[in-house]
Amino acid sequence: PRDLAALAASCRLLPELSRLVSGSQAELLRQCADIDPMQDLAQLIDDAIIPEPPVSAKEGGLVRPGFSAEVDELREIRSGGKRWLTNFPEEEQRRSGIPSLKVGYNRVFGYYIEITHTHKERVPDDYIRKQTLTNAERYITPALKEHEEKVLGAEGKLLDLEFDIFCMIRD
């Protein structure tokens, strides 16, 4: 991605370079004045790629907002999902009456609700136990699992789509 950004920057300089060499006494330099300024390529890169892209095209976060409606939609799902996860623990604390309830994430179990053994008797019926710890239990709910799939699915699709856009522009 950074190479594409550098290519666009170089292309933007070509019209001025062409103007500077057009009046040269050297024949070879005058011939360079006719070079294609590739402004359409520079514009495509500028429209598609953020000004300071990441090093790797596989990291994501390189497509400029507004370039792809699908990228924008997946980003909204991802960020909206994170907002939802911010509010979820408070809602579950109110619903269950468990003030110390926490929501976390790990790569093995995904999102989970952690409840200490002190509040074990208050666990709602719709909680599904996933893991037992020394001082707590970890649970999921159908709503939490559904939301996890939605958010993580959007993240994966977003990375793939941004990489595809990068490849299209590169090619």
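See the values below:
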| quantity | calculated |
| --- | --- |
| Residue within segment 20-35 that is part of a helix (DSSP H, G or I), among the acidic types (Asp, Glu), touching a helix residue (DSSP H, G or I) at 6+ places or on another chain (Cβ under 6 Å) and open to solvent by less than 100 Å² (accessible area, probe 1.4 Å) present | no |
| Candidates Leu101, Leu85 - the one that is touching a residue at least 60 places away in the same chain (Cβ under 8 Å) and open to solvent by less than 40 Å² (accessible area, probe 1.4 Å) | Leu85 |
| Test result for Arg107, under 22 Å from the mean Cα position of the chain (by Cα) and among the basic types (Lys, Arg) | yes |
| Segment 38-61 residues that are closer than 21 Å to Arg12 by Cα, paired with ones that are hydrophobic (A, V, I, L, M, F, W, C) and open to solvent by 80 Å² or more (accessible area, probe 1.4 Å) (beta carbon under 6 Å, 6 or more apart) | none |
| Residues that are in contact with a helix residue (DSSP H, G or I) (Cβ under 8 Å, 6 or more places away or on another chain) and closer than 13 Å to Ala136 by Cβ, drawn from segment 95-111 | Ile98, Ser100, Leu101, Lys102, Val103 |
| Looking only at segment 132-171, and only at residues there that are over 16 Å from Arg75 (Cα atoms) and basic (Lys, Arg), the one that is most open to solvent (accessible area, probe 1.4 Å) | Arg170 |
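The values are calculated or read from the model by the stated rules, or taken from the named source; none is laboratory data. This structure is a prediction, so every number in the text was calculated from the model and none was measured. Reconstructed Cβ throughout: ideal geometry from the backbone, glycine too, with neighbour counts over all protein chains shown. Only protein heavy atoms, including side chains, enter the accessible area calculation; ligands, DNA and RNA are left aside. Shrake-Rupley method; radii C 1.70, N 1.55, O 1.52, S 1.80 Å.
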